[in-house]
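Everything below concerns the one structure shown next.
The values are calculated or read from the model by the stated rules, or taken from the named source; none is laboratory data. Just so it is clear, the model here is predicted, and its values are computed rather than measured. We place every Cβ from the backbone using ideal geometry, glycine too, and count neighbours over all the protein chains shown.
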Amino acid sequence: MEPETYRHMAAVEESHWWFKGRRRIVTAALRRLLGDFNPDRRILELGCGVGGNLEMLSRFGRVDAVEPDAWAAGKSREKGCATVLQGALPDHLPGDLAPAYDLIAMLDVLEHIDDAPGALAAIHGRIVSNGRLLFTVPAYPWMYGDHDRRHHHLRRYTRSTLRAELRGAGFDICFMGHFNLLLLPPAVLVRLAQRYTPFLKGDDEARGATGPANAVLNAIFALEAPLAARIPFPAGLSILAVARPV
């Protein structure tokens, strides 16, 4: 991503409704999957960005993290709750990583990688036999827009394309469902308006980042947290998946 995108994330990731909502849902999924903190549990976040998920992950085990951007990796180290190394999938993971992890997390990362099947294949050998891969990706190719281009997203996913990539890399799917369902209808309207009305174009994630709008969107998104990690929603702006190597 561009340097200004990382800087924007660093400024809003703690308070922005979307980041907070995703953390709630991922936390619920991890609590269901892992239970309480275990000091012997090894967790790896790939593509940690500026470190907004590291404190959350550290509630469940010891965390390592990898980030390709040097500035973002430095911001992640400032969190003080993970060992952060610079590297990239699929061919440039740092040599200092543990041989295998109990959990690998990729939160809105796979869509940035040109060789997504190669990245999944590289991850496969890094997970212990009873371990899990947990990740999120943006949904619906037809929703691809300015926000995706700004964040260097190469694709958005459907469940069928994601399922095919996972199975092709040797993973069995434990859970797959959508989230951000309640805000899907207004998001579709905004995206269509941006597509056909040039003066509305821009990064829609930045809208509602502060003030009453942010609070309202945060409250709506929070309603999904108890359910989205348990029930595979059939629709929503993102996909949550849990897989295991076979």
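Closer than 21 Å to Val26 by Cβ and of a type outside the set (Phe, Trp, Tyr): does that describe Gly177? First the steps, then the outcome.
Working: closer than 21 Å to Val26 by Cβ: yes; of a type outside the set (Phe, Trp, Tyr): yes.
Here the answer is yes, as Gly177 does meet what is asked.
Quickly run through region 162-181 and pick out the residues that are under 23 Å from Gly145 (Cα atoms) and loosely packed, with under 15 Cβ neighbours inside 10 Å.
The answer is none; no residue qualifies.
Name the residues in region 78-107 that are among the aliphatic types (A, V, I, L, M) and in a strand (DSSP E or B), would you?
First pass over region 78-107, keeping only residues among the aliphatic types (A, V, I, L, M): 82, 84-85, 88-89, 93, 97-98, 100, 103-107.
Within region 78-107, Val84, Leu85, Ala88, Leu103, Ile104, Ala105, Met106, Leu107 meet the criteria.
Name the residues in region 100-127 that are in contact with a Gly (Cβ under 9 Å, 6 or more places away or on another chain) and β-branched (Val, Ile, Thr), would you?
Ile104, Val109, Ile113
Could you say which residue among Arg24, Arg42 is crowded, with 17+ Cβ neighbours inside 10 Å, of a type in the set (D, E, K, R), over 16 Å from Asp102 (Cβ atoms) and modelled with pLDDT of 95 or more? Break it down stepwise before answering.
Values: Arg42 fails: over 16 Å from Asp102 (Cβ atoms).
Of the residues listed, the single one that is crowded, with 17+ Cβ neighbours inside 10 Å, of a type in the set (D, E, K, R), over 16 Å from Asp102 (Cβ atoms) and modelled with pLDDT of 95 or more is Arg24.
One residue is enough: does region 156-169 have a residue meeting the conditions in a helix (DSSP H, G or I), modelled with pLDDT under 95 and touching a His at 6+ places or on another chain (Cβ under 9 Å)?
No, because not a single residue in region 156-169 is in a helix (DSSP H, G or I), modelled with pLDDT under 95 and touching a His at 6+ places or on another chain (Cβ under 9 Å).
Are any of the residues in region 128-137 hydroxyl-bearing (Ser, Thr, Tyr), surrounded by fewer than 19 Cβ atoms within 10 Å (Cβ to Cβ) and touching a strand residue (DSSP E or B) at 6+ places or on another chain (Cβ under 8 Å)?
First, the residues of region 128-137 that are hydroxyl-bearing (Ser, Thr, Tyr): 129, 136.
Within this subset, residues satisfying the condition of being surrounded by fewer than 19 Cβ atoms within 10 Å (Cβ to Cβ) are 129.
Retained after the next criterion (residues that are touching a strand residue (DSSP E or B) at 6+ places or on another chain (Cβ under 8 Å)): 129.
Checked region 128-137: at least one residue is hydroxyl-bearing (Ser, Thr, Tyr), surrounded by fewer than 19 Cβ atoms within 10 Å (Cβ to Cβ) and touching a strand residue (DSSP E or B) at 6+ places or on another chain (Cβ under 8 Å).
Here's the yes/no breakdown for (1) assigned to a helix (DSSP H, G or I); (2) within 17 Å of the chain's Cα centre (by Cα):
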{"position": "Arg24", "(1), (2)": "yes, yes"}
{"position": "Arg32", "(1), (2)": "yes, no"}
{"position": "Pro39", "(1), (2)": "no, no"}
{"position": "Gly51", "(1), (2)": "no, yes"}
{"position": "Met56", "(1), (2)": "yes, yes"}
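Which residues, taken from region 69-99, are without any contact (Cβ under 8 Å) to a residue 12 or more places away in the chain and within 19 Å of Glu14 (Cβ to Cβ)?
Within region 69-99, Gly74, Gly80 qualify.
So Pro90 ticks every box in (1) surrounded by fewer than 19 Cβ atoms within 10 Å (Cβ to Cβ); (2) over 23 Å from Ile239 (Cα atoms) but one. Which box is left unticked?
Failing condition for Pro90: (2).
Take the conditions over 24 Å from Asp69 (Cα atoms), more than 18 Å from the chain's Cα centre (by Cα) and part of a loop (DSSP other than H, G, I, E, B) and apply them to Leu182. Does it pass? I'd like the intermediate steps shown before the answer.
Numbers: over 24 Å from Asp69 (Cα atoms): yes; more than 18 Å from the chain's Cα centre (by Cα): yes; part of a loop (DSSP other than H, G, I, E, B): yes.
Spelling it out, Leu182 is indeed over 24 Å from Asp69 (Cα atoms), more than 18 Å from the chain's Cα centre (by Cα) and part of a loop (DSSP other than H, G, I, E, B).
Looking at the structure I just gave you, is Leu133 at pLDDT 95 or above and either closer than 18 Å to Leu237 by Cβ or polar (S, T, N, Q) (or both)? Walk me through it before giving the result.
Values: at pLDDT 95 or above: yes; either closer than 18 Å to Leu237 by Cβ or polar (S, T, N, Q) (or both): no.
Taking the combined requirement at face value, the residue does not satisfy it.
For region 121-140, give me the residue count where each residue is under 24 Å from Met9 (Cβ atoms) and either of a type outside the set (A, V, I, L, M, F, W, C) or not in a strand (DSSP E or B) (or both). Spell out the reasoning first.
If we filter region 121-140 for residues that are under 24 Å from Met9 (Cβ atoms), which is where we start, we get 123, 133-140.
Then drop every residue that is not either of a type outside the set (A, V, I, L, M, F, W, C) or not in a strand (DSSP E or B) (or both), which leaves 123, 136, 138, 140.
Qualifying residue count, region 121-140: 4.
It is to be established whether one or more residues within region 32-43 are under 30 Å from Pro212 (Cα atoms), in contact (Cβ under 8 Å) with a residue 60 or more places away in the chain and in contact with a strand residue (DSSP E or B) (Cβ under 8 Å, 6 or more places away or on another chain). It would help to see each step written out before you state the result.
Taking region 32-43 as the starting set, the residues that turn out to be under 30 Å from Pro212 (Cα atoms) are none.
No; the residues of region 32-43 include none that is under 30 Å from Pro212 (Cα atoms), in contact (Cβ under 8 Å) with a residue 60 or more places away in the chain and in contact with a strand residue (DSSP E or B) (Cβ under 8 Å, 6 or more places away or on another chain).
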